[in-house]
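See below for the structure under consideration.
Values quoted throughout were computed directly from the atomic coordinates according to the rules given, and no laboratory measurement underlies them. Owing to the predicted nature of the structure, the values given are computational and were not obtained by experimental measurement. Don't worry about glycine lacking a Cβ; one is built from the backbone with ideal geometry, like all the others, and counts go over all protein chains shown.
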Amino acid sequence: MSVLKEPILKLSQSARMKNFVTHNKIGRRAARRFVAGETLPDAIIATRELNKQNIRVSLDHLGENVYSEAEANHTTEHYLELLDLIASEKVDANVSVKLTAMGLDVDRRLSLDNISRVLERGQDKGNIFVRLDMEGTAYTQRTIDIFRELWDKGFRNVGTVLQSYLYRTADDVQLMLELGARVRLCKGAYFEPPDVAFSDKADTDRNYIKCMEMLLDKGNYPGLATHDEKIIQHALEYVKTNKIGPERFEFQMLYGVRRDLQRKLVNEGYNVRAYVPYGSEWYPYLMRRMAERPANLLFMVSNYWKG
C-alpha cells in the first residue's frame, strides 16, 4: 500500500481542504477527469458518449453518510428519477447506490425501505439492475445483511460489491455464489486497519485473483473491477484456458481512468462497464481516486499550501 494513501484519505475529511478543492479551478478541473458532472443531464450525456463506444455504464449519484431522514428521502427520490430517465432515454446503464446515502446512519429500517423503493422502480422500468455499493468496514456486514434481506424478499435485480483487501472476502464470495447473486469485485479504496485488511498490495492482489477465479468459475455475471493490467491479463488467460465465454462476465473500470484499456478490451470482444459518478458531493470520491494514484494530487497540494 502506498505510504501516501492514509494521509490522502485523511484529507478527504478535512473541511479546509474540501473548501479549497471545491472552490478553485484546479480542483474542479481534476474532478472533471473522474466525475461526469454535477447534474442528471451531465450523467446522461456521459452515458451516451460511452454507449457509442459500446461501453456500458453504472451510474452513481455521489453523496454518502447522510444524517437525516429528509436527506435520505431526497437521495431516494433522485434515484427514482434517475431510473425513470435511464428507461425513457433508453441508455445502456444500471445504477450503484450507497446504503449510507439511503439513510443507514439514521435508521436501518429507513435505508431498507428506501432501497426497496429503488429496486421496485428498477423492476417497473424494465428490471434495471441496482448495485449496493460497498463502503468502509464499519458497513460491510450491515450491507451484506441488508442485501440478504432484499434477496430473501425476492428481489433479483440487486447485487453488491466485495473488496479483495479484506480478509473475509473469499468467504463472502462463497456466500454470493451459493445465492447466485451478482458481485462486483474490486480491491478496495478505504483505509482499513491491519486486523481486517491486507496492508501489502501483493496480498490484496493474490486475494483478488483467488476471488476472481471463484467468480469466473461459478459466478452470476461477475464484474471484475480493476485497472491492473497484470490481473486483467490473468483473467484473459484464465477464461481462455477454462473455456469461459465473454458473455459470462464483464470488466469494470472507473470513468476517466484507462480509457485506452477500456476501448482495447471492447475491441477484443469483451464486455466493459464504466462506473460513472456524478453530483455536487464529489470531493470524497475525488480524494479516494487521488489516494489510489498519489501523483494526481501533487499539483493540487502544491497550490493548497500557497493558498
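Rounded to the nearest 20, the size of the Cβ-charge dipole of the range 186-262 about its Cα centre is 240 debye, with Lys and Arg at +1 and Asp and Glu at -1. Here the simple spin-label model places points 7 Å from the Cα toward Cβ, and for Lys264 and Thr39 these points are separated by 3.7 nm. Put a dot 7 Å past the Cα of Ala202, heading toward its Cβ, do the same for Glu69, and the two dots end up 5.3 nm apart.
For the pair the range 112-129 and the range 149-169, the centres of their Cα atoms are 16 angstrom apart. Taken about its Cα centre, the range 156-297 carries a charge dipole of about 440 debye when Lys and Arg each add +1 at the Cβ and Asp and Glu each add -1 at the Cβ.
Pop the C-beta distance of Thr241 and Lys210 into the FRET formula with R0 = 22 Å and round what comes out to the nearest 0.05. According to the calculation, E is roughly 0.85. Computing FRET efficiency as 1/(1 + (r/R0)^6) for His78 and Arg168, where r is the C-beta to C-beta distance and R0 is 45 Å, gives about 0.90. Its Cα centre serving as origin, the range 220-286 has a Cβ charge dipole (Lys and Arg +1, Asp and Glu -1) of approximately 160 debye.
Taking the Cα centre of the range 100-172 as the origin and placing charges on Cβ (Lys, Arg +1; Asp, Glu -1), which of Ser164, Val130, Gln141 is farthest toward the positive end of the dipole? Of Ser164, Val130, Gln141, it is Val130. Net charge in the neighbourhood of Val57 (other residues with Cβ under 15 Å of its Cβ; Lys, Arg +1, Asp, Glu -1) is +2.
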